[in-house]
Amino acid sequence: MADSGYMVSLSTLICKEHETCFDVQETEEEEEEENAKVMLCEEDSDEYVEMLLNRESCFCSATPDAAAGNSVNSARSDAVRWILRTKAFFGFSMKTAYVAVIYLDHFFMHRTTDSIKGKSWAIRLLSVACLSLAVKMEERKVPALSEFQTEDYRFDTEAIQRMELLVLGTLEWRMSMVTPFSYLSHFASKLQQHASEGVLWKAIKLVFASIEVMNLVDYRASVIAAAAVLAASDEGLTQKSVKSKMSTVSSCRSLDTDHVFSCYSLLIHETQKEKLKTSKGLAPPDHSVADGLSVDSSVDTDGTISFVVASSKRRRLQ
Amino acid sequence: MGDGRSGGGGGVNRPAWLQQYDLVGKIGEGTYGLVFLARTSLRKCCIAIKKFKQSKEGDGVSPTAIREIMLLRETCHENVVKLVNVHINHVDMSLYLAFDYAEYDLYEIIRHHREKLSHSINQYTVKSLLWQLLNGLNYLHSNWIIHRDLKPSNILVMGDGEEHGVVKIADFGLARIYQAPLKPLYENGVVVTIWYRAPELLLGAKHYTSAVDMWAVGCIFAELLTLKPLFQGVEAKATPNSFQLDQLDKIFKVLGHPTPERWPTLVNLPYWQNDQQHIQGHKYDNHGLHNFVTVPQKSPAYDLLSKMLEYDSRKRITATQALEHEYFRMDPLPGRNALVPSQPGEKIVNYPARPVDTTADFEGTVAVQPSQPVSSGNAASGNIAAASVAPSRSMPRSMHVVGMQRMPNTGMSTFNVAPQAGIGAPSSGNIPIPRGAAVQAHQQQLRRKDPSMGMQNPGYPQQKRRF
């Protein structure tokens, strides 16, 4: 038995962050669309939606919160990108990736992340644990932990399992998450006169286009769903028009229209940014994020401990 | 700070969370792992501790454990087993779930009547057990949870105490939150013990609903009445999802030949469709359920039972509908203490205490001495006493945690700190379970809709119909 197994092995620290090697977008898109249909093929009866809204409202009472620092944001977007890449690699469903990001955001909400700053291996380990937990909840085929290897670090399975336990404990084992996708077809049929599959698919794409910057505990799943359906059909809505559209749908009345509009604006903003990027040709590599993480990546083993201890002591009050 | 770190010098070498329990012994074993009976050192309450089997090396925390704990965290109902705590043994990362201890289960109650008493279970008890089972199930189903493995041994009944005779649905290892009624739920491995498995599942349905639980309730109801399993098929074990011909055969022999008229979706079910076993060709006589259960064909009990054992899952009675059935509105009315009839003069049956293997330690390792079950025939009350008065054995009190010390502590404690302090209350390695805000709010929701549901005390029918 290897004694060194207790520690996260930090053997390989090759930080190669090419997004380019994952440029298989076109064929992927079709698969995704298929995939999304399965995800949307959900019950949309009023009773079901009511149950979801109810469960959601008890889960988090989050309001948009800009308190989180930039360092967390860059660490977070790195984690989100890794989750999305790995999802594509294994062919997991979009919902699985989304759920993994919710776990990540809930984890960040409960624990301060100052200590993670710069420790990209810790973020990576957290990403692996969140994704593997989401896969266990959502997928039928679950890969062995050792298959979740990342390009830059090698974690032994025990380290991943410990991180899984830390995430489970931090989330108090409440792993059943309501996602916006459960609401999409319901909201689309209510908010739209002619809800087509195209609108739903567009709404899903909007959500994923913003997932890197949108903290999923800032908005309720239902708020994101409503905003995405609105943004998918009309890019020029005002706060007032959002409000009036929302007031026509009974199941939407419990939603905070300010939140919906704020989320709507964010979704529109992000797609426009995306459009700008693609119109200029190749997407530029995101230097700010990559740099911010690679600076401190030569972490020593003490770093492990200090992160872990510090974060557990400073649980943020809700 | 009393975190659960093991080691760290003299005294008892075991994690803090373990020190709050006195192990009495092992009470169960299954594919999931082991179940122990313990008493809390402080309040002396009885707790059942379920230890999950270690997941396969390299798989991390087992999906079954995650699902089960997640579901239990979302539920709060008098007729659903209560998860008191989740403990993690950080040395080997094993998981322990602490539940309120229930002394009896339907399997043992039925067996006791069949083998020891040879008389049927009194009507009041049957009705109260069924009523409470349906209340728990109604709660689960309205929270979009399907149990999927209901069988007598998973239906527990509380022993002496404030909750004496209260039914608790247990074992959520196979349960799922169904995102949608039609989401495929095929899984590798077994789903529902075949005797209680609904015919649509036996015929290969990939999409199924909460109606599968109601079929199981029907089977359990019949078993409570007759003391023997209604459809005792022999399981085919060739492959994990083998076609269970014998089980279907047993069902069709009792309930008659399935026809597309009775059961329109039958023709779409895979095993019926491809008919490789020539089940379509076999014509079953319409014997009728009344030949197999000992209740009058015109009685409400018979009517309710046959509605639970409806072939077509869409026509099968739901838990909500069943609770409104006439059967529950006539004498004897169901009560909260299913084991002690409210009517004076009724005989009270003393059920045996659960056998406890006092030689086992928390690892499930049995000591050298042969096991000596402490079951006694008549420990109706003070059942725990029966266990603790275990014949002169010095073992039960001190817990043996040998196995847990397998790994050296060096290097361990460092990484160990995190998960431990992180779980639940900052001061302990446990998750104190705040009874979920989610659930409470949901209950308010339910209350609005149906006053008899979701509350701590399921509404027992009023006596208004009495003469």
Taking the stated definitions as given, is B:Arg316 at pLDDT 50 or above, closer than 26 Å to B:Phe221 by Cα, surrounded by 19 or more Cβ atoms within 10 Å (Cβ to Cβ) and under 26 Å from the mean Cα position of the chain (by Cα)? yes
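Please indicate, with yes or no, whether at least one residue in the range A:221-232 is buried (at least 20 other Cβ atoms within 10 Å of the Cβ), away from chain B (no Cβ under 11 Å) and in contact with a His (Cβ under 7 Å, 6 or more places away or on another chain).
yes
Rundown of residues vs (1) under 27 Å from B:Arg354 (Cβ atoms); (2) β-branched (Val, Ile, Thr); (3) facing chain A (nearest Cβ under 8 Å), yes/no style:
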residue: B:Lys50; (1), (2), (3): yes, no, no
residue: B:Gln54; (1), (2), (3): yes, no, no
residue: B:Gly58; (1), (2), (3): no, no, yes
residue: B:Thr64; (1), (2), (3): yes, yes, no
residue: B:Met70; (1), (2), (3): no, no, yes
residue: B:Cys76; (1), (2), (3): yes, no, no
residue: B:Lys82; (1), (2), (3): yes, no, no
residue: B:Asn85; (1), (2), (3): yes, no, no
Residue hits (the range B:130-161; more than 14 Å from chain A (Cβ to nearest Cβ), modelled with pLDDT under 90 and more than 14 Å from the chain's Cα centre (by Cα)) are B:Asp160, B:Gly161
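Checking the condition without any contact (Cβ under 8 Å) to a residue 60 or more places away in the chain and of a type in the set (A, V, I, L, M, F, W, C), which residue from A:Met109, A:Met94, A:Met163, A:Met175 passes? If you could, list the steps in order and put the result at the bottom.
Working: A:Met109 fails: without any contact (Cβ under 8 Å) to a residue 60 or more places away in the chain; A:Met94 fails: without any contact (Cβ under 8 Å) to a residue 60 or more places away in the chain; A:Met175 fails: without any contact (Cβ under 8 Å) to a residue 60 or more places away in the chain.
After applying the criteria, what remains is A:Met163.
Let's see how each residue does on (1) of a type in the set (S, T, N, Q); (2) in contact (Cβ under 8 Å) with a residue 40 or more places away in the chain; (3) within 15 Å of B:Leu156 (Cβ to Cβ):
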position	(1), (2), (3)
B:Val80	no, yes, yes
B:Val84	no, yes, yes
B:His119	no, no, no
B:Asn122	yes, yes, no
Note on A:Phe187: of the conditions (1) more than 8 Å from chain B (Cβ to nearest Cβ); (2) touching a Phe, Trp or Tyr at 6+ places or on another chain (Cβ under 9 Å); (3) closer than 17 Å to A:Tyr48 by Cα, unmet is (2)
Over the range B:105-125, the set of residues under 17 Å from the mean Cα position of the chain (by Cα) and part of a helix (DSSP H, G or I) is B:Leu106, B:Tyr107, B:Glu108, B:Ile109, B:Ile110, B:Arg111
Within the range A:117-142, the residues that are without any contact (Cβ under 8 Å) to a residue 60 or more places away in the chain and not in a helix (DSSP H, G or I) are A:Glu139, A:Arg140, A:Lys141, A:Val142
Complete set of residues in the range B:197-247 that are of a type in the set (Lys, Arg), more than 30 Å from B:Thr125 (Cα to Cα) and in contact (Cβ under 8 Å) with a residue 40 or more places away in the chain: B:Lys206
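Quick check: anything in the range A:181-198 of a type outside the set (S, T, N, Q), more than 25 Å from A:Tyr219 (Cβ to Cβ) and in contact with a Leu (Cβ under 6 Å, 6 or more places away or on another chain)?
no
Using the structure shown, decide if A:Ser279 is hydroxyl-bearing (Ser, Thr, Tyr), surrounded by fewer than 16 Cβ atoms within 10 Å (Cβ to Cβ), at pLDDT below 75 and at negative phi.
Numbers: hydroxyl-bearing (Ser, Thr, Tyr): yes; surrounded by fewer than 16 Cβ atoms within 10 Å (Cβ to Cβ): yes; at pLDDT below 75: yes; at negative phi: yes.
So A:Ser279 passes the test.
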Run down A:Glu164, A:Glu147, A:Glu138, A:Glu158 and say which single residue is modelled with pLDDT of 85 or more, surrounded by fewer than 17 Cβ atoms within 10 Å (Cβ to Cβ) and within 11 Å of another protein chain (Cβ to nearest Cβ). A:Glu147
Name every residue in the range B:87-98 that is surrounded by 21 or more Cβ atoms within 10 Å (Cβ to Cβ) and within 13 Å of chain A (Cβ to nearest Cβ), in order of residue number. B:His87, B:Ile88, B:Asn89, B:His90, B:Val91, B:Leu95, B:Tyr96, B:Leu97
So which residues in the range A:234-273 are in a loop (DSSP other than H, G, I, E, B) and among the hydrophobic types (A, V, I, L, M, F, W, C), if there are any at all? A:Leu237, A:Val249, A:Leu255
Does the range A:143-157 hold any residues that are outside any helix (DSSP H, G or I) and free of Cβ contacts under 8 Å to residues at least 60 places away in the same chain, and which are they? A:Pro143, A:Ala144, A:Gln149
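A quick yes/no check of all residues on (1) among the aromatic types (Phe, Trp, Tyr); (2) farther than 26 Å from B:Gly165 by Cα; (3) part of a loop (DSSP other than H, G, I, E, B):
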position	(1), (2), (3)
B:Thr265	no, yes, no
B:Asn286	no, yes, yes
B:Glu310	no, yes, yes
B:Ala322	no, no, no
B:Pro332	no, no, yes
B:Ile348	no, no, yes
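The values are calculated or read from the model by the stated rules, or taken from the named source; none is laboratory data. Every value quoted in this text rests on a predicted model; they were computed, and no experiment measured them. Ideal geometry is used to build each Cβ from the backbone, glycine not excepted, and the neighbour counts take in all protein chains shown.
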